[in-house]
Amino acid sequence: MGLRKFSGGPTVTQLIADQSEHLVRAAEVLAKVAEANPESRVELNKTLHDIENDADNACHLVLQKINSSFVLPYDREDLFSLSSLIDDCVDLIDESGDNMVLYNVDTLPAEAHKLVAIINDCARITFDALSKVDSIDEHMRAYWVEINQLENHGDTVYRSLISDLFASSDNPMEVLKMKFVLDRLESAIDRFETLAAVVETIAIKES
Amino acid sequence: MGLRKFSGGPTVTQLIADQSEHLVRAAEVLAKVAEANPESRVELNKTLHDIENDADNACHLVLQKINSSFVLPYDREDLFSLSSLIDDCVDLIDESGDNMVLYNVDTLPAEAHKLVAIINDCARITFDALSKVDSIDEHMRAYWVEINQLENHGDTVYRSLISDLFASSDNPMEVLKMKFVLDRLESAIDRFETLAAVVETIAIKES
Amino acid sequence: MGLRKFSGGPTVTQLIADQSEHLVRAAEVLAKVAEANPESRVELNKTLHDIENDADNACHLVLQKINSSFVLPYDREDLFSLSSLIDDCVDLIDESGDNMVLYNVDTLPAEAHKLVAIINDCARITFDALSKVDSIDEHMRAYWVEINQLENHGDTVYRSLISDLFASSDNPMEVLKMKFVLDRLESAIDRFETLAAVVETIAIKES
């Protein structure tokens, strides 16, 4: 783990830390999109797209660094997975906002805001963990344990939302639209768990 | 292939064999969930979740063994895929039962029980194959050929179910709910085929 | 990159070029399926299945070659990804046609034919690029830039179709069926982008 720098410019771990900051930025705007009315949502969504675009470029820098480096702090494929999964999480956050606009959702049910809050928690603790990505080890255990708990909680909230949605409504179109929005929120949370599992894998290899 | 043991405790192939046993247990409970009435389903589903939880722990043991071993009987990434795919199959079986409860399905169409039976066949022959995972070679050909046949049969059954569902019903909510249940059953069968493809890949490398 | 041939028979790059030709054949038949009436669609779909079957065999030959070769022109996992992603693209084209039959779609909206045309463009330029797969480098940049543009365009078309679909219709069953058809078309385009990203990755490593 001593070798972290191979050539000039930022190291791959610095680039990954930078990339992961977009998770927090995207999650924060998503919370605003979720609370906005349909008109203001369109504008906020553009901000979200810009963040997604920046995150895309940040991911590209990481992949280029991985692919052009002979010496890396962790296994190449693990670093590749990390960066791709951060990118997936940002994409899913962006698509969550997108779906609220696309399906012209009016007001979200109260419980749906809990899913958005869970995404914000996931983003923050993932960013915290990845800002120390140059020293992944067992001491990060609290991070993936907390992500697992957030995912479990999210799953319960999601299932209760879906159950209510299909039990109460007699408007299939509205049910469908809301389901597509909720599905995306739930996928985002799931992906944070997959990301945490890669960090755990690296920690096991390092131990 | 001579080196199978690197340190004390069970070998990675023993752990994979153990993990794959959960496929059979989960599939058997799913068959009961599918035949139960909505009330008994809730209780049976808890049993299914417990199996999924045990399977999760078994997967964790395999991944830890893979990540902490220097010498492995097959390529690291193939073993990693094997264990992750067993876990995916158990998850999808669990989610299939879950969806029957979540969408409050009353009675499944007769053909849907065929999908559950195919999942049980897949689980059994996969467990049989993986209980001999320490000697994967061309002699296992019957296993992946049979899985392919089961998947093809499952696909035909699924398509006929979907076609009937969308042709006959005039209750969109019920169509939707049933589709989400059938989709999950079909995904489980698909995943068994992906798993078998990894075993075939290992066999080719070993030949 | 000098070593391209390890044993007799076609090289892995020749086999990948051969495999990718099925993309063009499948996309061309899909365009016919999309324009056909429901009756003629059934027959055309059989042709599409035959192509998908041939593509499956071509993929199998590539994987066998990769797994049985000690020396390969690029990283094993990148070649494996390339071949699997070509296969995914053909599968998604086949499933797109399948869904038109399965959901008994009558006439597609005009914009949906644009998605089919984008798939045809993607197939052609991917085949062009992969027919020179033995010399992947930065000179191929035009290929992945164009795929990205096609994917962006496809995304705009898809979103406008979904938006119209959910805004206008009062028949939920028809909305649902059309959504499942459009989703598959959009997934096919997405997968071409993932495939192009792997080619770009190889180019970066080669540079």
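Residue A:90 meets all of the listed conditions (1) closer than 30 Å to residue B:98 by Cα; (2) within 12 Å of another protein chain (Cβ to nearest Cβ) but one, namely (2).
If the condition is being within 12 Å of chain B (Cβ to nearest Cβ) and either open to solvent by less than 60 Å² (accessible area, probe 1.4 Å) or part of a helix (DSSP H, G or I) (or both), then the stretch C:95-110 contributes C:95, C:98, C:99, C:101, C:102, C:103, C:105.
Within the stretch C:54-80, the set of residues being in a helix (DSSP H, G or I), open to solvent by 40 Å² or more (accessible area, probe 1.4 Å) and more than 11 Å from chain B (Cβ to nearest Cβ) comprises C:54, C:57, C:61. Checking A:61, A:79 one by one, the residue that is more than 19 Å from residue A:192 (Cβ to Cβ) and more than 13 Å from the chain's Cα centre (by Cα) is A:61 and no other. If you filter the stretch C:148-207 down to residues that are in contact with an Asp or Glu (Cβ under 9 Å, 6 or more places away or on another chain), at the interface with chain A (Cβ under 8 Å from one of its Cβ atoms) and of a type in the set (S, T, N, Q), you find that the one that is surrounded by the most Cβ atoms within 10 Å (Cβ to Cβ) is C:201.
Applying the condition of being open to solvent by 50 Å² or more (accessible area, probe 1.4 Å) and in contact (Cβ under 8 Å) with a residue 24 or more places away in the chain to the stretch C:15-36 and asking which residue is farthest from residue C:178 (Cα to Cα) yields C:18.
On the given criteria, is residue A:115 touching a residue at least 24 places away in the same chain (Cβ under 8 Å) and over 16 Å from residue A:28 (Cβ atoms)? Spelling it out, it is not the case that residue A:115 is touching a residue at least 24 places away in the same chain (Cβ under 8 Å) and over 16 Å from residue A:28 (Cβ atoms).
Condition check: under 21 Å from residue C:46 (Cβ atoms) and out of contact with any strand residue (DSSP E or B) (no Cβ under 9 Å at 6 or more places or on another chain). Does residue C:134 satisfy that? Answer is no for this residue. Looking only at the stretch B:72-104, which residues are of a type in the set (S, T, N, Q) and either free of Cβ contacts under 8 Å to residues at least 60 places away in the same chain or under 19 Å from residue B:61 (Cβ atoms) (or both)? Within the stretch B:72-104, B:81, B:83, B:84 meet the criteria. Can you give me the number of residues within the stretch A:111-135 that are part of a helix (DSSP H, G or I), hydroxyl-bearing (Ser, Thr, Tyr) and open to solvent by 50 Å² or more (accessible area, probe 1.4 Å)? Selection size over the stretch A:111-135: 1.
Checking the structure you have, find out if any residue of the stretch C:169-176 is in a helix (DSSP H, G or I) and of a type in the set (Gly, Ala, Ser). No, the stretch C:169-176 has no match at all.
The values are calculated or read from the model by the stated rules, or taken from the named source; none is laboratory data. Remember, predicted model here, so these are calculated numbers, not experimental data. Every residue, glycine as well, gets a Cβ built from its backbone with ideal geometry; the counts of neighbours run over all protein chains shown. Only protein heavy atoms, including side chains, enter the accessible area calculation; ligands, DNA and RNA are left aside. Shrake-Rupley method; radii C 1.70, N 1.55, O 1.52, S 1.80 Å.
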